[in-house]
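Visitor: Let me begin by handing over the structure; questions about it come next.
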Amino acid sequence: MTPSLLRPSPLAVALAAAFALPAYAEGPAPAAPGQTVIDADRIDGQMEGRIQARGNVVVRRDDQTVKADWLDYFQSENRLKAGDQVEFTEGNSRISGHALDYKLDTREGEASDATFAGQGADGRTLRGDGEKIEFRGRDRYRLKQARANTCEPGDDSWYLKAGTLDIDYTRNVGVARNAWLDFQGVPILYTPWIDFPLDGGRKSGVLAPTFKTGSDGFEVSLPYYFNLAPNYDLTLTPRWVSNRGAMLGAEFRYLQPDYSGTLSTEQMPDDKKANDSRYAWRAKHGQKLGAGFSFGYDANYVSDDRYFKDFGDRVDIASNVNLPRDAWLNYGTGWQGGAASGQLRVLRYQTLQDPLAPVTPPYALLPRLSGNATQSLPAGFSANLFAEFTRFTHPTLQEGNRLVAYPSVSWALERPWGFVRPKFGMHATEYDLDPFAGQNGGKRSRTLPIFSTDAGLYFDRETSFFGREHTQTLEPRLYYVNIPTRAQNDLPNFDSAEKDFSFAQLFTENRFSGQDRINGANALTVAFSSRYLDDESGLERLRMEIGQRYYFRKEDISLSGSTQDLENSGSDIVATVGGEITDAWRADATYQYNQQLGKTERYEWAARYSPEAGKTVSLRYRYGRDEDIGFGGIRAPMRQIDIAAQWPIAKKWYVVARENYSLIDNTSLEQLAGVEYNDGCWTARVVGQRYVTDLTNTKNAVFLQLELKDMGGIGSNPIDTLRLAIPGYSKINDTRQGL
C-alpha cells in the first residue's frame, strides 16, 4: 500500500509527539536506527500507551515495514496488532496475511492465512502459503500446513506440501516435515523430513533420488550429502538394481589451498546375476609441495573385466580399458631466458579384457624419471634438452631399462609476413635388457641425428563472403625433415605405436609415438591453407587446407623396427575444409587419398544447423578403408552415418534423437530417442538409449527425469548423455524457446 498524503488531525500530531512517534503530512521520513515511525490516514492515542492507526497504515522500523488497514501499537512492549489485510516486509522477504500480532524489537509473532515470498543470496525466490506463519526472529519463519515452490506467482504446477515448513535465511536452510511433493495435483513423493538450501549453496541432506530402467531391470538410488566442512564433503549413495541387488557408493572430496583430491568407491557384496561380489575404487590427489615441487596420484581398480559394461555408461566403457595406477612427483623452475621441469613417475595398469578381442596390457613404468630444459640464446637461437630414464616391467614380455637423451638447437625468424624455424638435434637411446624366454639380455643403443625446418608465408586480401566483409588469407607452408634410416628390429618396443595419419602429422618429425621407434626420413611437406576471417566478429568462417609429404629417400622402418622401402614417392594427400559458415551453419570435412593404392583411405564430412538454443540438427558420414573399430585393435572397413537432432515440435515440447548406423554391418551402433517438456518452472525428460558394448552385446537404458526449477531433479539425469550424443545440444531450462 502507498502511505496516505492526507494531513493528520492536530490531535493525531499531538498524540504522536507525546509518544515520540513522528507523523508527517507528506508521508513518513526515514527513521533513525531502532526508531518506530507510523503513518496513517488517522492516528489516535490512549493514555495506557496504545496508539491506534486507521486507514492506509504504514509502520517502519529498521528494515521492517508493515502495511495494514488498521493497527494497534503498544509502546511499552514495542508490539503491534494489525488487520484486516496486512503486508509485512523484512529484508528480501515479503509476507501477506490477516490478524498480525508482532513484536518489532524481537521480531517474533504470528499471522493467519499467510502468503510468503523470500529471496536467497543467489536471487532464487521461494514462495509459499500456510494457515499460519510464525515469526521466529530476524529472517526466520515457520509456516504451518504450508505449500511452497520456486515458481512464478500463481504457478502451482508443483509444490512441496508440509505440516510445517521452517525458513531460515540466517543459515539459508529450509526444513519441511511430514512433506509431500505434489506434481500437477498428484502426490508423487513423501518424506517425513527434508531440508534444502535456500540459496543454492552446499548443505547436508538427502539429494534427489534417481530412477532408471534398462538391461538390468529397474534401478533406484538415494544419495545423502554430508557437508562436513567448507573444504570437504561426503556423499553416500545406496543403489538398488532389481536384477543384481544392492550397491553402496561413497565419494569423499577435500580441498585445501595446497592440495585437493577425491576418494570414491562402489560396493555390491552379492551380484545375483554374476553370483559374485563387485566393486570399484578410485583415489585421486594433487598437492603443491613448495619450492617448485608438486605431487599427485590417480589410482583405479575394479573387481572384474565387465564392471563398466554392467554398471557404467557408454563413456565409461570406451574410456576404461586400461585403468591407471599412477603417481608422480613434478618439479619446475625458471630463470632469465630459460626454464626446466622434471618428473618422477610410477605407473601400472589394470587392463580390462574382452574374451573375444583380447589386448596386450601396456608396460608398467617402475619408475620413469624425465626432464626438459630450454635456454634462449642470442640472435634468435635456443637450446633444448629432453632426457628420460625408464624401468619397464611386464608379466609376459621382456623387461628392461631405457635411457633417452635428445639435445637440440633451434633458431626462429618470426615476421608479420612469415616465419622460418630450423632445428637440429641428436637423439640417443640406450637399453639394458633382461634375459627373457631364451632371448639374451644385454645392452643395445641407437643414435640418430634429426634435422628439420618449418617455414611459411602469410598473404591476405579484403573480400566478401556471403555478403559480409572478410579477410582472406593464403598461407603456403614447407616442412623438411631428415633422419637417417636405421634398422631397429633388435630394439624392444616398450611404448611406441604408429600415430593416426592426419594433416597435423605432416609437420612432425616422427610418425611413431614413444621413444622406441624413430622413422627414417628425407622428406618435404608442401601444404597450403586459406582462411576467411569475418572482419566484424573475427570468426573463422571458412578454413581450407591441403598437404602432402614428398619422399626424397624411400627407405623407412616399420613398427616392428625392420627396414622397408616406400612404394610411393609421397604420402597420402590430406585435405580439410570447415568453419562457421554462417551464424547457424557449421560444416567440416576431411579427405585422405592413398597414392600407393590409388584409393581413398578415409574421409569424413559433417554439417550442423543450429539457428538458436534448443534447435540443432547434425549429419555426419565416416568412411574408412581399414580402420580400428575399437574392440581390442580389430581392424575392418568402416561406413557409418550419424544423424542427431534436438528440435521443438510444439509449444514447450522438444524431441531429441540420434542414430549411429554401420552400413557395413547393417546394424545400429547407437540409438537414442526421447522427448523434453519445458514448462518454465519444471522440465520433464524421457529418453531411451541402446548402444553396443562389445562385439556381441548391447545395452539398453531409459532415462526419466523431472527437474524442478531451483530445486534439482528427480529421476535419472540424461543431460551428459544428450550432450555427448547430439552436437550443439542445449539444456532447454536455459532457453525461453517455445514457452
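Visitor: Need at least 2 residues that are within 26 Å of TYR532 (Cβ to Cβ) per element, so show me which strands (runs of 3 or more DSSP E) inside the stretch 556-627 make the cut, counting only ones lying wholly within it. If you could, list the steps in order and put the result at the bottom.
Guide: Values: elements: 563-565, 573-579, 585-594, 599-612.
Here the list reads 573-579, 585-594, 599-612.
Visitor: Suppose we keep only residues that are in a strand (DSSP E or B) and of a type in the set (Gly, Ala, Ser) within the stretch 513-538. Which one would you say is farthest from LEU474 (Cα to Cα)? Walk me through how you get there before you give the answer.
Guide: Residues of the stretch 513-538 that are in a strand (DSSP E or B), as a first pass: 521-534.
Filter once more, so that each one left must be of a type in the set (Gly, Ala, Ser): 521, 523, 527, 529-530.
On the way: ALA521: 28, ALA523: 23, ALA527: 11, SER529: 6, SER530: 5 Å.
Here the residue is ALA521.
Visitor: Now for a different question. Free of Cβ contacts under 8 Å to residues at least 60 places away in the same chain and aliphatic (A, V, I, L, M): does that describe ALA339?
Guide: yes
Visitor: Just give me the residues in the stretch 480-500 being part of a strand (DSSP E or B) and open to solvent by 30 Å² or more (accessible area, probe 1.4 Å), in sequence order.
Guide: As a first pass, look at the stretch 480-500 and keep what is part of a strand (DSSP E or B): 480-483, 498.
TYR480, ASN482, GLU498 - these are the residues of the stretch 480-500 that are part of a strand (DSSP E or B) and open to solvent by 30 Å² or more (accessible area, probe 1.4 Å).
Visitor: Considering only the stretch 320-328, I want to know if a residue exists there that is over 30 Å from ASN700 (Cβ atoms), of a type outside the set (Lys, Arg) and over 29 Å from the mean Cα position of the chain (by Cα).
Guide: No, there is no match, as no residue in the stretch 320-328 is over 30 Å from ASN700 (Cβ atoms), of a type outside the set (Lys, Arg) and over 29 Å from the mean Cα position of the chain (by Cα).
Visitor: Mind listing whichever residues of the stretch 649-668 are more than 25 Å from the chain's Cα centre (by Cα) and on the phi < 0 side of the Ramachandran plot?
Guide: Scanning the stretch 649-668 gives ILE649, ALA650, LYS651, TRP653, TYR661, SER662, LEU663, ILE664, ASP665, THR667, SER668.
Visitor: Please enumerate the residues belonging to the stretch 345-384 that are among the hydrophobic types (A, V, I, L, M, F, W, C), in contact (Cβ under 8 Å) with a residue 24 or more places away in the chain and surrounded by 16 or more Cβ atoms within 10 Å (Cβ to Cβ).
Guide: LEU352, ALA364, LEU365, LEU369, ALA373
Visitor: Can you work out which of the residues in the stretch 451-479 that are among the hydrophobic types (A, V, I, L, M, F, W, C) and under 30 Å from TRP411 (Cβ atoms) is least open to solvent (accessible area, probe 1.4 Å)?
Guide: First pass over the stretch 451-479, keeping only residues among the hydrophobic types (A, V, I, L, M, F, W, C): 451, 455, 457, 459, 465-466, 474, 478.
Right, trim to under 30 Å from TRP411 (Cβ atoms) and you get 451, 455, 457, 459, 474, 478.
Numbers: PHE451: 77, ALA455: 27, LEU457: 74, PHE459: 105, LEU474: 83, LEU478: 83 Å².
Only one residue tops the list, namely ALA455.
Visitor: Check whether at least one residue in the stretch 149-162 is in contact (Cβ under 8 Å) with a residue 12 or more places away in the chain, open to solvent by 50 Å² or more (accessible area, probe 1.4 Å), closer than 22 Å to PHE703 by Cα and not charged (D, E, K, R), and report yes or no. Steps first, answer last, please.
Guide: To start, the set of residues in the stretch 149-162 that are in contact (Cβ under 8 Å) with a residue 12 or more places away in the chain comprises 149-153, 155, 157-162.
Keeping just the survivors that are open to solvent by 50 Å² or more (accessible area, probe 1.4 Å) gives 152-153, 161.
Subsequent filtering for residues that are closer than 22 Å to PHE703 by Cα retains none.
The answer is no, given that none of the residues of the stretch 149-162 is in contact (Cβ under 8 Å) with a residue 12 or more places away in the chain, open to solvent by 50 Å² or more (accessible area, probe 1.4 Å), closer than 22 Å to PHE703 by Cα and not charged (D, E, K, R).
Visitor: When you scan the stretch 250-306 for strands (runs of 3 or more DSSP E) that lie fully inside it, which ones turn up with 3 or more residues that are surrounded by 15 or more Cβ atoms within 10 Å (Cβ to Cβ) and of a type in the set (D, E, K, R)?
Guide: Values: elements: 259-271, 276-290, 293-302.
Answer list for the stretch 250-306: 276-290.
Visitor: Can PHE512 be described as touching a Ser or Thr at 6+ places or on another chain (Cβ under 6 Å), under 30 Å from THR396 (Cα atoms) and either of a type in the set (Phe, Trp, Tyr) or open to solvent by less than 30 Å² (accessible area, probe 1.4 Å) (or both)? Can you show your working first?
Guide: Working: touching a Ser or Thr at 6+ places or on another chain (Cβ under 6 Å): yes; under 30 Å from THR396 (Cα atoms): yes; either of a type in the set (Phe, Trp, Tyr) or open to solvent by less than 30 Å² (accessible area, probe 1.4 Å) (or both): yes.
Spelling it out, PHE512 is indeed touching a Ser or Thr at 6+ places or on another chain (Cβ under 6 Å), under 30 Å from THR396 (Cα atoms) and either of a type in the set (Phe, Trp, Tyr) or open to solvent by less than 30 Å² (accessible area, probe 1.4 Å) (or both).
Visitor: Looking at the stretch 225-239, is at least one residue touching a His at 6+ places or on another chain (Cβ under 7 Å) and assigned to a strand (DSSP E or B)?
Guide: Going through the stretch 225-239, the residues touching a His at 6+ places or on another chain (Cβ under 7 Å) turn out to be none.
No.
Visitor: Just to check your reading of the model, which residue among LEU329, LEU323 is among the aliphatic types (A, V, I, L, M), open to solvent by less than 60 Å² (accessible area, probe 1.4 Å) and over 30 Å from THR473 (Cβ atoms)?
Guide: On the way: LEU329 fails: open to solvent by less than 60 Å² (accessible area, probe 1.4 Å).
It is LEU323.
Visitor: From the list LEU198, LEU165, which one is open to solvent by less than 30 Å² (accessible area, probe 1.4 Å), under 28 Å from THR89 (Cα atoms), touching a residue at least 24 places away in the same chain (Cβ under 8 Å) and within 28 Å of the chain's Cα centre (by Cα)?
Guide: On the way: LEU165 fails: within 28 Å of the chain's Cα centre (by Cα).
Exactly one of LEU198, LEU165 is open to solvent by less than 30 Å² (accessible area, probe 1.4 Å), under 28 Å from THR89 (Cα atoms), touching a residue at least 24 places away in the same chain (Cβ under 8 Å) and within 28 Å of the chain's Cα centre (by Cα), namely LEU198.
Visitor: Mind checking whether some residue in the stretch 546-554 is over 22 Å from ARG625 (Cα atoms), surrounded by 15 or more Cβ atoms within 10 Å (Cβ to Cβ) and under 33 Å from the mean Cα position of the chain (by Cα)?
Guide: No, every residue in the stretch 546-554 fails to be over 22 Å from ARG625 (Cα atoms), surrounded by 15 or more Cβ atoms within 10 Å (Cβ to Cβ) and under 33 Å from the mean Cα position of the chain (by Cα).
Visitor: Would you mind listing the strands (runs of 3 or more DSSP E) fully within the stretch 45-138 where at least 3 residues are of a type in the set (Gly, Ala, Ser)?
Guide: On the way: elements: 50-61, 64-74, 79-90, 93-103, 108-119, 125-136.
Where strands (runs of 3 or more DSSP E) fall fully within the stretch 45-138 and carry at least 3 residues being of a type in the set (Gly, Ala, Ser), they are 93-103, 108-119.
Visitor: So GLY205 ticks every box in (1) in contact with a Phe, Trp or Tyr (Cβ under 8 Å, 6 or more places away or on another chain); (2) open to solvent by less than 30 Å² (accessible area, probe 1.4 Å); (3) modelled with pLDDT of 90 or more but one. Which box is left unticked?
Guide: Failing condition for GLY205: (3).
Visitor: I would also like to ask the following. Sort out which residues of the stretch 224-270 are of a type in the set (Gly, Ala, Ser) and closer than 21 Å to GLY205 by Cβ, and write them in order of number.
Guide: Kept after step one, since they are of a type in the set (Gly, Ala, Ser), are these residues of the stretch 224-270: 229, 242, 245-246, 249-250, 260-261, 264.
Result: ALA229, GLY249, ALA250, SER264.
Visitor: Just one of (1) open to solvent by less than 20 Å² (accessible area, probe 1.4 Å); (2) under 23 Å from the mean Cα position of the chain (by Cα); (3) not aromatic (Phe, Trp, Tyr) trips up ASP694, so point out which.
Guide: (2)
Visitor: Let me ask something additional. Taking ASP195 as the residue in question, decide whether it is modelled with pLDDT of 85 or more and charged (D, E, K, R). Explain how you work it out, then say what you get.
Guide: Details: modelled with pLDDT of 85 or more: no; charged (D, E, K, R): yes.
For ASP195, the condition - modelled with pLDDT of 85 or more and charged (D, E, K, R) - is not met.
Visitor: Now, a different point. Before we move on, is TRP417 touching a Pro at 6+ places or on another chain (Cβ under 6 Å), of a type outside the set (A, V, I, L, M) and open to solvent by 40 Å² or more (accessible area, probe 1.4 Å)?
Guide: Here the answer is no, as TRP417 does not meet what is asked.
Visitor: Scan the stretch 288-304 and tell me whether some residue there is of a type in the set (Lys, Arg) and under 26 Å from the mean Cα position of the chain (by Cα). Walk me through how you get there before you give the answer.
Guide: If we filter the stretch 288-304 for residues that are of a type in the set (Lys, Arg), which is where we start, we get 288.
Still in the list and also under 26 Å from the mean Cα position of the chain (by Cα): 288.
Scanning the stretch 288-304, I find at least one residue that is of a type in the set (Lys, Arg) and under 26 Å from the mean Cα position of the chain (by Cα), so the answer is yes.
Visitor: Further question: Looking at (1) of a type in the set (A, V, I, L, M, F, W, C); (2) in a helix (DSSP H, G or I); (3) open to solvent by less than 60 Å² (accessible area, probe 1.4 Å), find the lone condition where VAL315 falls short.
Guide: (3)
Visitor: So if I check each of GLN595, GLN646, GLN671, which one is open to solvent by 60 Å² or more (accessible area, probe 1.4 Å) and within 24 Å of the chain's Cα centre (by Cα)? Outline the logic, then answer.
Guide: Numbers: GLN595 fails: within 24 Å of the chain's Cα centre (by Cα); GLN646 fails: open to solvent by 60 Å² or more (accessible area, probe 1.4 Å).
Only one candidate qualifies: GLN671.
Visitor: Between residues in the stretch 408-432 that are farther than 17 Å from SER445 by Cβ and residues that are outside any strand (DSSP E or B) and open to solvent by less than 50 Å² (accessible area, probe 1.4 Å), which pairs lie under 8 Å by C-beta distance while being six or more apart or on different chains?
Guide: TRP411/GLY380; ALA412/GLY380; LEU413/GLY380; PHE419/ALA412; VAL420/ALA412; ARG421/ALA412
Visitor: Please state which one of THR390, THR396 is β-branched (Val, Ile, Thr) and modelled with pLDDT under 95. I'd like the intermediate steps shown before the answer.
Guide: Working: THR390 fails: modelled with pLDDT under 95.
Within the list THR390, THR396, the selection yields THR396.
Visitor: Further question on the same structure: Need at least 3 residues that are of a type in the set (Val, Ile, Thr) per element, so show me which strands (runs of 3 or more DSSP E) inside the stretch 653-739 make the cut, counting only ones lying wholly within it. So that I can check it myself, show each step before the final result.
Guide: Working: elements: 653-662, 667-678, 682-692, 698-708, 712-715.
Correct list: 682-692.
Visitor: Taking SER242 as meeting all but one of (1) crowded, with 17+ Cβ neighbours inside 10 Å; (2) closer than 30 Å to ARG690 by Cα, write down the number of the exception.
Guide: Unmet for SER242, out of (1) crowded, with 17+ Cβ neighbours inside 10 Å; (2) closer than 30 Å to ARG690 by Cα: (1).
Visitor: If you don't mind, there's one more thing I want to ask. Going by the structure shown, is ARG446 surrounded by 13 or more Cβ atoms within 10 Å (Cβ to Cβ) and more than 45 Å from the chain's Cα centre (by Cα)? Give the derivation first.
Guide: On the way: surrounded by 13 or more Cβ atoms within 10 Å (Cβ to Cβ): yes; more than 45 Å from the chain's Cα centre (by Cα): no.
Here the answer is no, as ARG446 does not meet what is asked.
Visitor: Moving on to the next point. Out of the residues in the stretch 567-592 that are open to solvent by 40 Å² or more (accessible area, probe 1.4 Å) and in contact with an Asp or Glu (Cβ under 6 Å, 6 or more places away or on another chain), which is nearest to PRO727 (Cα to Cα)?
Guide: The selected residue is ARG586.
The values are calculated or read from the model by the stated rules, or taken from the named source; none is laboratory data. If you're wondering where the values come from, they're calculated on a predicted model, not measured in any experiment. Cβ: placed from backbone, ideal geometry, glycine included. Neighbour counts: every protein chain shown. Note: areas computed on protein heavy atoms with side chains; ligands, DNA, RNA excluded. Shrake-Rupley method; radii C 1.70, N 1.55, O 1.52, S 1.80 Å.
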